[in-house]
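Take a look at the structure below.
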Amino acid sequence: MLHTVNKSPFDKNSLENCVRFSRKGHSILLFEDAIYGALKGTRFEALLTEALKNTSVYVLVPDLEARGMRMENVIEGVKATDYAGFVNLSVDNKTVQAWL
Amino acid sequence: MEEEVIKKFLYVNRKAPYGTIYALESLEVVLIGAAFDQDVSLAFIDDGVYQLKKDQQTSVDSGIGVKDFSRTYRALEGYDVEKLYVDRKSMEERGLSEDDLLVDVQVFDEAQMAELMEQQDVVLSF
Amino acid sequence: MAIQADGKTIDTDEEGYLTDLSSWTEGAAKVLAAQDEIELTDSHWEVINFLRDYYNEYQIAPAVRVLTKAIGKKLGKEKGNSKYLYELFPYGPAKQACRFAGLPKPTGCV
């Protein structure tokens, strides 16, 4: 199962809830303003580090770079993906839950 | 005639009513979709729980000038949509209990809700 | 568009549904029915009143399947079937009866 999040964790609780309902083996994709949740040094770092123990977390690089960030700013273990990767994730997973 | 395939549909509702159009849109999609005899479940998480609060009082003619669509949740049974699930944490952190809700629901913890999501063929998020 | 009933002008949309639910009168129902060449009998009124009650309770016009089932429950099996309802409302019990009852077109009806 793929979970997608597109809102900043500072604005919405989508990321927190996404992590709460994700299970072992699920994938989480952070894009648009949700990329802020993938960054080192924010108050959500612990939450994401915890999520990484069971799930694969991806960040959409074009959204990251557009916001002045690079993969080096991202928490260890979060994987980079691009638009094609986003499509593949959507296709490879039986269901997609969009945490709007 | 194609063979009828019954799929499992889950509607995930996470927005409060009235402030945005999500709740009403979701409800309308549920009602339209009900014509297709699928296996439908509704989940209420986060502010979505507020959609089911009793005693909502609106009318087209007074107050906020919008239809009180909360009463439509009580029609869902007639549409054979009877599986409504509420996230316990979302409900409790909003100071609500089952008695505050206008329909019968099942209250699920995280593990149950996650399992419900995993079982679906289609998840529609609002 | 509009109809004249009970000495009032009542607005309708392009499909003949009332634009303002509260403008409905029994006279309006009769006029709308006459346009479809139907004279309303007690059997028609039973369904129309049922629809108005349903709308007041749930704020929607029921889909035809739901209407049929609910009528059966309330008025008896011999009335809760599509044959009976289509005889009363040949253009579709949900669509046409809702129009006479001053309700919007049922959600999901095209």
TODO: Search the structure for amide H atoms under 5 Å from the amide H of C:THR12, placed 1.01 Å from N in the peptide plane, and list their residues when 5 or more places away or on another chain.
DONE: C:ALA2, C:ILE3, C:THR19
Open item on the list: For region A:2-99, what does the accessible surface come to per residue with a 1.4 Å probe? Please give it in Å².
Closed with: 47 Å²
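State, as an integer percentage, the relative contact order of region B:15-84 based on alpha-carbon contacts under 8 Å between residues 6 or more apart. Let's see the in-between values first.
Values: 60 pairs, mean separation 25.1, N = 70.
Reported relative contact order: 36 percent.
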Open item on the list: Explain nothing, just the number: relative contact order of chain C, from Cα pairs under 8 Å at least 6 residues apart, as a whole percent.
Closed with: 28 percent
Task: Heavy-atom accessible area, 1.4 Å probe, ligands and nucleic acids excluded: residues of region B:78-93 down by at least 10 Å² from chain alone - done: B:GLY78, B:TYR79, B:ASP80, B:ASP87, B:LYS89
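Counting each DSSP H run of 4 or more residues in the protein assembly as shown as -39500 (n - 2.57), what helix-only mean residue ellipticity at 222 nm follows after dividing by all residues, to the nearest 500 deg cm²/dmol?
On the way: 12 runs with 112 residues, N = 336.
After summing the helix terms and dividing by the residues of the protein assembly as shown, the value is -9500 deg cm²/dmol.
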- [ ] List, in order, the whole-Hz ³J(HN,Hα) value for each residue of region A:42-53 obtained from phi through the Karplus relation with A = 6.51, B = -1.76, C = 1.60 and θ = phi - 60°; use x for Gly and Pro.
- [x] 9, 6, 9, 4, 5, 4, 6, 4, 5, 4, 5, 5
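Restricting to chain B, what percent of DSSP beta bridges are antiparallel, rounded to 5? Don't skip to the answer; put the middle values down first.
Numbers: 1 of 18 bridges.
The antiparallel fraction comes to roughly 5 percent.
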Open item on the list: If the only charges are +1 at each Lys and Arg Cβ and -1 at each Asp and Glu Cβ, what is the size of the charge dipole of chain C around the Cα centre, to the nearest 20 debye?
Closed with: 600 debye
Task: Cross-link reach list, lysines versus B:LYS8, counting only Cα pairs under 25 Å and skipping chain neighbours closer than eight places - done: A:LYS24, A:LYS94, B:LYS83, B:LYS89, C:LYS69
Task: Accessible area of region B:8-125 belonging to carbon and sulfur atoms, whole % at 1.4 Å probe - done: 45 percent
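Which shape class, rounded, prolate or oblate, goes with the protein assembly as shown when its Cα gyration tensor gives a ≥ b ≥ c as root eigenvalues, a/c under 1.5 marks rounded, and past that a/b bigger than b/c marks prolate?
Working: a/c = 2.55, a/b = 2.35, b/c = 1.09.
In terms of gyration-tensor shape, prolate.
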TODO: Note the angle between two axes, namely the Cα long axis of helix C:42-58 and the longest principal axis of the Cα atoms of chain C, as a number of degrees from 0 to 90, rounded to the nearest 10.
DONE: 90 degrees
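Out of region B:29-126, which GluC sites (Glu not before Pro) are coil in DSSP terms and have no more than 15 other C-beta atoms within 10 Å?
Numbers: sites: B:GLU77, B:GLU82, B:GLU92, B:GLU93, B:GLU98, B:GLU110, B:GLU115, B:GLU118; in loops: B:GLU82.
Taking region B:29-126 and a limit of 15 other Cβ atoms within 10 Å, the loop GluC sites (Glu not before Pro) found are B:GLU82.
Which chymotrypsin sites (Phe, Trp or Tyr not before Pro) does region A:1-58 hold that lie in a coil by DSSP with at most 13 other beta carbons within 10 Å? Kindly include the intermediate steps, with their values, before the conclusion.
Working: sites: A:PHE10, A:PHE21, A:PHE31, A:TYR36, A:PHE44, A:TYR58; in loops: A:PHE10, A:PHE31, A:PHE44.
Of the chymotrypsin sites (Phe, Trp or Tyr not before Pro), the ones in loops of region A:1-58 whose Cβ has at most 13 other Cβ atoms within 10 Å are A:PHE10.
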Task: region A:1-78 and region C:23-101: distance between their alpha carbon centers, rounded to Å - done: 53 Å
Open item on the list: Using a probe radius of 1.4 Å on heavy atoms only, what accessible surface per residue do you get for region C:2-100? Whole Å² is fine.
Closed with: 52 Å²
Task: Integer Hz, Karplus 6.51/-1.76/1.60 couplings in order for region A:72-78, x for Gly and Pro - done: 5, 8, 8, 4, 3, x, 6
Open item on the list: Quick check on the protein assembly as shown: of the DSSP beta bridges with both residues there, what percent are antiparallel, nearest 5%?
Closed with: 20 percent
TODO: Please state, rounded to one decimal and in Å, the Kirkwood hydrodynamic radius that chain C gives when every pair of distinct Cα atoms enters the mean of 1/r.
DONE: 13.8 Å
TODO: Take the alpha carbon gyration tensor of chain B, find the square roots of its eigenvalues, order them as a ≥ b ≥ c, and report rounded if a/c is under 1.5; if not, report prolate when a/b exceeds b/c, else oblate.
DONE: oblate
TODO: Could you please report the charge total around C:GLU39, scoring K, R as +1 and D, E as -1 over all other residues with beta-carbon less than 14 angstrom from its beta-carbon?
DONE: -4
Open item on the list: Please list, by residue number, every one of the GluC sites (Glu not before Pro) in region C:45-110 that is coil in DSSP and has at most 16 other beta-carbon atoms within 10 Å.
Closed with: C:GLU78
Task: Shape call, chain A: gyration tensor on alpha carbons, a/c limit 1.5 - done: rounded
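The values are calculated or read from the model by the stated rules, or taken from the named source; none is laboratory data. Model, not experiment: these values are computed from the prediction. Positions of Cβ are backbone-derived with ideal geometry, glycine not excepted, and every protein chain shown enters the neighbour counts. Ligands, DNA and RNA are stripped out before the accessible areas are found, and what is left, the full protein with its side chains, is counted by its heavy atoms. Shrake-Rupley method; radii C 1.70, N 1.55, O 1.52, S 1.80 Å.
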